[in-house]
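Just below is one structure, and these are the notes that go with it.
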Amino acid sequence: MKQIIFSLMALALLLTACGGKTNKTAGDADSVTTDSLSATTEGPKVDKHTEAYLRQRVDTIYHGKVDSRDAAYCSTRYYKLLTAALDVAEDNETLLLDCDHWTISQDDTDFSYQIEKISDMTDSSAVVRLKAKNFGKRYPIILNMRFERDDWFVDDFVSDEGTSEKEYFEMYVERGTFYRRFSLEDLLYLTEHYAERSKAEVSGLNFVYHESQQDEEVDFIEYVYGRDIARSTKKAFGYELINETPHAFYFSISLDTSTNGRLYFASKDDANNFYERASKTKPFMFETKRIVVKKQPDGKSFLVQEQLNDTAFSTIFALHRPDRAGEYYEMDVEIYV
């Protein structure tokens, strides 16, 4: 599985793809030490809510099989989120993480650790801080533990600065799947309320900027709403927008002598998928209007109309099939005013 590069040193060596190779524990030396308390020898009498047991549990985890460590020793909710993020990474053919989060490394042959301390321990949660060593480097590994299924499981990997792997996964999944949820109704919000930032943001898009400019007595106004879009070099009109993820997209309206909209996608598949989904949209209510989609005979566009009565329709905009436009795939949104 491919994985996304996530700066290890900048984020205090946080993130990795699940599954590591750890077969020894140590402090300054590389000798293996384990706690004497054993759940198997004392059976049901073992108190699993003590630091001694939790230390033993962490050692058990790090001595577990590498290939099944995530499934065996991660909490249910963490593992579900990890699986979803890995699925998105596979679909997008992108990297999720760049090393093994159990060791925060890509090569674990020289890895060792010592349990430095356990803090914030309750009946349901605890924080375990490891002092790790690999290829002469020392660094922390912080595990958020969760008690469930009658034992302790890793619920999150956290950097020394507090960056959460689970939060990163949530963001990754949300970004990777947002374009699939973007609908014709979302586009209607943007075409109908482009001058009202709060209304346009109902769609969940990020407001990038809006700007007006006088040019030879023509008032040029451009509104841009985007997803995973970064603003870069300022041009004479507007900005050059660059994509940050494979599923970046944005919508813009320019108001001068006419009103024109453009919908841009970084991915050709995303653009085509949106067009096909939108063209097959069933009649629905938008605010107080009944909206219908009417395909054009040429097969290259469709009309989005308000149904006024059984026979009368008023066109709101026409959406044209996507075409390549530089690094993006552009759809003309012909707005009727």
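The values are calculated or read from the model by the stated rules, or taken from the named source; none is laboratory data. This one's a predicted model, so the numbers in the text were calculated from it and none came from an experiment. Every residue, glycine among them, receives a Cβ derived from its backbone with ideal geometry; neighbour counts consider all protein chains shown. Remember, those area values only see protein heavy atoms, side chains included, never the ligands or the DNA or RNA. Shrake-Rupley method; radii C 1.70, N 1.55, O 1.52, S 1.80 Å.
What to note about this one:
- Test result for residue 306, open to solvent by 30 Å² or more (accessible area, probe 1.4 Å) and under 21 Å from residue 322 (Cα atoms): no
- Residues in the stretch 261-277 that are more than 16 Å from residue 227 (Cβ to Cβ) and either open to solvent by less than 20 Å² (accessible area, probe 1.4 Å) or without any contact (Cβ under 8 Å) to a residue 40 or more places away in the chain (or both): 275, 276.
- The condition (being at pLDDT 85 or above, part of a loop (DSSP other than H, G, I, E, B) and surrounded by 13 or more Cβ atoms within 10 Å (Cβ to Cβ)) is satisfied by just one residue among 281, 245: 281.
- From the options 70, 91, 107, residue that is without any contact (Cβ under 8 Å) to a residue 60 or more places away in the chain and exposed (fewer than 14 other Cβ atoms within 10 Å of the Cβ): 107
- Residues being assigned to a loop (DSSP other than H, G, I, E, B) and not hydroxyl-bearing (Ser, Thr, Tyr) - total across the stretch 52-92: 5
- For the residues 155, 120, the requirement of being out of contact with any Leu (no Cβ under 6 Å at 6 or more places or on another chain), at pLDDT 95 or above and either within 17 Å of residue 264 (Cα to Cα) or open to solvent by less than 70 Å² (accessible area, probe 1.4 Å) (or both) singles out 155.
- Flag if residue 210 is at pLDDT below 90 and assigned to a loop (DSSP other than H, G, I, E, B): no
- Qualifying residue in the stretch 160-180 (condition: hydrophobic (A, V, I, L, M, F, W, C), in contact with an Asp or Glu (Cβ under 9 Å, 6 or more places away or on another chain) and assigned to a strand (DSSP E or B)): no
- The stretch 148-163, residues that are touching a helix residue (DSSP H, G or I) at 6+ places or on another chain (Cβ under 9 Å) and not charged (D, E, K, R): 152, 153, 154, 157, 158, 159
- The stretch 159-186, subset of a type in the set (A, V, I, L, M, F, W, C) and surrounded by fewer than 22 Cβ atoms within 10 Å (Cβ to Cβ), residue modelled with the lowest pLDDT: 178
- Any hit, the stretch 126-144, residues being assigned to a loop (DSSP other than H, G, I, E, B), open to solvent by less than 20 Å² (accessible area, probe 1.4 Å) and farther than 17 Å from residue 55 by Cβ: no
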